[in-house]
Amino acid sequence: MFADFLKRLVQPDPEPLPDADARLALSALLVRVARADGVYDDGEQARIDRILSTRYALSPFEATALRRAAEDLEAEAPDTVRFTRAIKDAVGYEDRIGVIEALWQVVLADGSRDAEEDAVLRLVANLLGINDRDSALARQRVDRTG
């Protein structure tokens, strides 16, 4: 179902993604990080739905539909390195910073920082071209807002 989308995303010089495709790709990245520790529960899914709803001004129904599509895309997406680099090349820096904040929200949703999730988030931030300082600032913003 997503083969053509993924083929366009991982080509050598991808075109910038249209908004709907960028939303889907970034949402799939949220799912990938949430699944990193081997646990992907209702709380993480609800957190992703709230993030998508807030970030993209979606109704709860629309946010859930986007998350479900993102779950399917994430399952078909290539390894995290290629997938994340492709997103970096197709999505602007400010949107990528917002994604790092959203990823920290997912990682911190259960009230604890898991080593596997931390490692994936560090890798993803690096692959998205987000430096450690900006990632740490994003985490601090999430910590302050809960």
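Structure data summary
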| item | result |
| --- | --- |
| Qualifying residue in segment 73-88 (condition: among the polar types (S, T, N, Q), under 16 Å from the mean Cα position of the chain (by Cα) and over 14 Å from Arg23 (Cα atoms)) | yes |
| Matching residues, segment 47-73, being aliphatic (A, V, I, L, M) and open to solvent by less than 40 Å² (accessible area, probe 1.4 Å) | Ile48, Ile51, Leu52, Leu58, Ala63, Leu66, Ala69, Ala70, Leu73 |
| Members of segment 54-68 that are under 15 Å from Ala28 (Cα atoms) and at pLDDT below 95 | Arg55, Tyr56 |
| Some residue of segment 74-88 being free of Cβ contacts under 8 Å to residues at least 60 places away in the same chain, in contact with a Gly (Cβ under 8 Å, 6 or more places away or on another chain) and open to solvent by 40 Å² or more (accessible area, probe 1.4 Å) | yes |
| Number of positions in segment 22-46 that are under 19 Å from Leu108 (Cβ atoms), touching a helix residue (DSSP H, G or I) at 6+ places or on another chain (Cβ under 6 Å) and crowded, with 20+ Cβ neighbours inside 10 Å | 9 |
| Residue within segment 94-104 that is without any contact (Cβ under 8 Å) to a residue 24 or more places away in the chain and open to solvent by 80 Å² or more (accessible area, probe 1.4 Å) present | yes |
| Neighbours by Cβ (under 9 Å, 6+ apart or cross-chain): first from segment 60-72, within 8 Å of Asp49 (Cβ to Cβ); second assigned to a helix (DSSP H, G or I) and of a type in the set (A, V, I, L, M, F, W, C) | Ala63/Ile48; Ala63/Ile51; Ala63/Leu52; Thr64/Leu52; Arg67/Leu30; Arg67/Val31; Arg67/Ile48; Arg67/Leu52 |
| Enumeration of residues in segment 17-44 that are part of a loop (DSSP other than H, G, I, E, B) and either hydroxyl-bearing (Ser, Thr, Tyr) or over 23 Å from Ser112 (Cβ atoms) (or both) | Leu17, Pro18, Tyr40 |
| Test: Ile130 is open to solvent by less than 50 Å² (accessible area, probe 1.4 Å), assigned to a helix (DSSP H, G or I), of a type in the set (Val, Ile, Thr) and touching a residue at least 24 places away in the same chain (Cβ under 8 Å) | no |
| All positions within segment 105-127 that are closer than 18 Å to Asp49 by Cα, in contact (Cβ under 8 Å) with a residue 24 or more places away in the chain, open to solvent by 10 Å² or more (accessible area, probe 1.4 Å) and not acidic (Asp, Glu) | Gln105, Leu108, Ala109 |
| Scope segment 40-53; condition among the hydrophobic types (A, V, I, L, M, F, W, C) and closer than 16 Å to Ala25 by Cα; matching residues | Ile48, Ile51, Leu52 |
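One line per residue, one yes/no per condition, for (1) assigned to a helix (DSSP H, G or I); (2) at pLDDT 85 or above; (3) over 25 Å from Pro16 (Cβ atoms):
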site: Gly98; (1), (2), (3): yes, yes, no
site: Asp110; (1), (2), (3): no, no, yes
site: Asp118; (1), (2), (3): yes, no, yes
site: Ala136; (1), (2), (3): yes, yes, yes
site: Val142; (1), (2), (3): yes, yes, yes
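The values are calculated or read from the model by the stated rules, or taken from the named source; none is laboratory data. As the structure is a computational prediction, the values presented were derived from the model and not from experiment. Cβ atoms come from the backbone with ideal geometry, glycine included; neighbour counts cover every protein chain shown. Quick note on the areas: whole protein, heavy atoms, side chains included, nothing else; ligands and nucleic acids left out. Shrake-Rupley method; radii C 1.70, N 1.55, O 1.52, S 1.80 Å.
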